[in-house]
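In what follows, a single structure is set out as structure tokens and then discussed.
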Amino acid sequence: MKPEFEDYLKAIGMTKILIERIRTIIEFYLGIYPEEIQSIFVTDLINGDGQREYVSLWLFSEKYLMEAKSFTTEDNFDMTPVNNRIKYWSIEKQDYNFKSATDQSRLYVRFQTDVDISGDLKASKENCEFLKTIFIHHILPNLKE
């Protein structure tokens, strides 16, 4: 796993056990299709008790995006081509100005591809900054013209 991935995971409060779980998921994907993973993102939310819950893990390569759904408890993986395949995106934000995040910040990015595969990426608190970067580097450049 790239050091910057581990830094990101620590920044959003991941435990060593979950970081190791993510390491094995990355190894799984690289074993199937060995294309460099350029970025990762963990979809998270704040539950009713005010605790952060990690929902899914997203991996981004030059040509593909991959999702490990319910990655903390399940082995449920998928993968789809992304190069110039995104036909639609939307953003919902709350207490986030695309410059700095607070504990109240929330960001939700939804996208759909030209083969009707969709993705939902949600972030809370400081994770909004990471989702903004994913949006700029992996969603926008792959918008189908």
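The values are calculated or read from the model by the stated rules, or taken from the named source; none is laboratory data. Just so you know, these numbers come straight off a predicted model, no measurement behind them. Please note: Cβ atoms are built from the backbone with ideal geometry, for glycine as well, and neighbour counts cover all protein chains shown.
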The one condition in (1) outside any strand (DSSP E or B); (2) closer than 26 Å to LEU140 by Cβ; (3) more than 16 Å from the chain's Cα centre (by Cα) that PHE28 fails to fulfil: (2)
Considering residues of the range 1-41 that are among the aliphatic types (A, V, I, L, M) and touching a helix residue (DSSP H, G or I) at 6+ places or on another chain (Cβ under 7 Å) only, the residue farthest from THR80 (Cα to Cα): ILE12
Of the criteria (1) outside any loop (DSSP other than H, G, I, E, B); (2) exposed (fewer than 15 other Cβ atoms within 10 Å of the Cβ); (3) in contact (Cβ under 8 Å) with a residue 40 or more places away in the chain, which one SER90 fails: (3)
Extreme residue, farthest from GLU129 (Cα to Cα), among residues of the range 37-54 that are part of a loop (DSSP other than H, G, I, E, B) and modelled with pLDDT of 95 or more: ILE37
Top-ranked residue of the range 55-111 - restricted to ones that are among the acidic types (Asp, Glu) and out of contact with any strand residue (DSSP E or B) (no Cβ under 6 Å at 6 or more places or on another chain), ranked as nearest to MET1 (Cα to Cα): GLU62
First in the range 2-14 and touching a residue at least 40 places away in the same chain (Cβ under 8 Å), second anywhere and among the acidic types (Asp, Glu) and in a loop (DSSP other than H, G, I, E, B), Cβ under 7 Å, 6 or more apart: ALA11/GLU126; ILE12/GLU126
Among the candidates LEU131, LEU57, residue that is under 16 Å from the mean Cα position of the chain (by Cα), assigned to a strand (DSSP E or B) and either modelled with pLDDT under 95 or closer than 18 Å to ILE12 by Cα (or both): LEU57
